[in-house]
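Have a look at the structure below before the remarks.
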Amino acid sequence: MKFAVIRFPGSNCDQDCTAALSGLTGVSAEFVWHKQKSLAGFDAIVLPGGFSYGDYLRCGAIARFSPIMTAVLEEAAAGKLVIGVCNGFQILCEAGLLPGALVRNRSLRFVCGIATTRVETDDSPFTLRMPRGTLLRLPVAHGEGCFFADKALLRDLNEHRQVLLRYADASGAVSATANPNGSAENIAGICNRGRNVFGLMPHPDRACEARLGSSDGARIFRSMVQAIEGQHARAA
C-alpha cells in the first residue's frame, strides 16, 4: 500500500509523515514534488504541515495553484483518501476540497503544545473503530489554526457529521479553555461530504510512538489503512 506525501517549497513535516506511515505494517510512503502532475499508483495522499511558499499572501493560498494540486483534486473526486495536516488542512480549504477557512489564532500568537481532541464520529475512513468520545492526544503547532465558518456552514457540517474532531479537556468535555486557537465550536478537524478528504490542525504524524508522548496519531493512519484494505477487497 502506497501513500503519497506531497512536498511543497516550505513543507517541514513531510519527513515526519513518511516516518509515521512507513512504521505501519505493509505501508510505504513516497515523497511527491509539487511540480509533478500525476498521483497514479498511490492509494492515499498526504498534504503535510509546514509553511508552503513561506505562507506568503495567505496560508496555503499559493500551494493551492501548484501543478500537483490538479491531480489531488482529480484523485479526491474519484474517491481516493486525502488527509491534510496543519498547513495541509489550510491548502485543502484554499483548494475548495474542504469548506471554511483557517485564520489567525484568537490569541494572535503561535501555539505549540499537546491538545486533547475528541472523536465525534466513527463513520469515516479516518476514525474507524474509534467510538464517539474517544480522546486523542495530538501535538499542535500553528499560528493560523482558528477554524472559521459562518452559522449556516456550521449547521451544515454538524447535520452531515463532517466534524470528526473537536478540542476537549482531559475528561472529554468541550470547553473554551480546551480550545488552543479559538476555532468555531472547538473544531479541530473536518471531512468533506464524500468523507474521503480530511483536514485537521493537530499533527497525528508527531504522535505515532509512545516515546514521543503519544501514539494516538497512529490510530488515524491505521484507520486509513483499514479503509483502503476494505476498498481493495470490495474491488476484488
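Worth pointing out:
- Residue within region 182-196 that is in contact with a Cys (Cβ under 7 Å, 6 or more places away or on another chain) and modelled with pLDDT of 95 or more present: yes
- Residue within region 90-99 that is among the aliphatic types (A, V, I, L, M) and in contact with a Cys (Cβ under 9 Å, 6 or more places away or on another chain) present: yes
- Some residue of region 32-43 being more than 30 Å from residue 133 (Cα to Cα), outside any strand (DSSP E or B) and basic (Lys, Arg): yes
- Qualifying residue in region 129-151 (condition: within 21 Å of residue 93 (Cβ to Cβ), out of contact with any His (no Cβ under 6 Å at 6 or more places or on another chain) and among the polar types (S, T, N, Q)): no
- In this entry, residue 138 passes the filter for residues that are touching a helix residue (DSSP H, G or I) at 6+ places or on another chain (Cβ under 8 Å) and hydrophobic (A, V, I, L, M, F, W, C).
- Residues (within 17 Å of residue 223 (Cα to Cα) and either among the hydroxyl-bearing types (Ser, Thr, Tyr) or assigned to a strand (DSSP E or B) (or both)) located in region 6-31: 18, 22, 25, 28, 29
- For region 97-123, a tally of residues being within 15 Å of residue 199 (Cα to Cα) and touching a helix residue (DSSP H, G or I) at 6+ places or on another chain (Cβ under 8 Å) returns 6.
- Near pairs, Cβ below 6 angstrom, 6+ apart or cross-chain, from region 171-182 (within 13 Å of residue 105 (Cα to Cα)) to any residue that is in a loop (DSSP other than H, G, I, E, B) and small (Gly, Ala, Ser): 181/145
- Pair list, Cβ under 7 Å, 6 or more apart: region 145-170 residue free of Cβ contacts under 8 Å to residues at least 40 places away in the same chain, other residue surrounded by 14 or more Cβ atoms within 10 Å (Cβ to Cβ) and assigned to a helix (DSSP H, G or I): 154/184; 154/185
The values are calculated or read from the model by the stated rules, or taken from the named source; none is laboratory data. Note that the structure is predicted; figures quoted are calculated from it, not measured. When we count neighbours, we look across all protein chains shown, and the Cβ atoms used for this are built from the backbone with ideal geometry, even at glycine.
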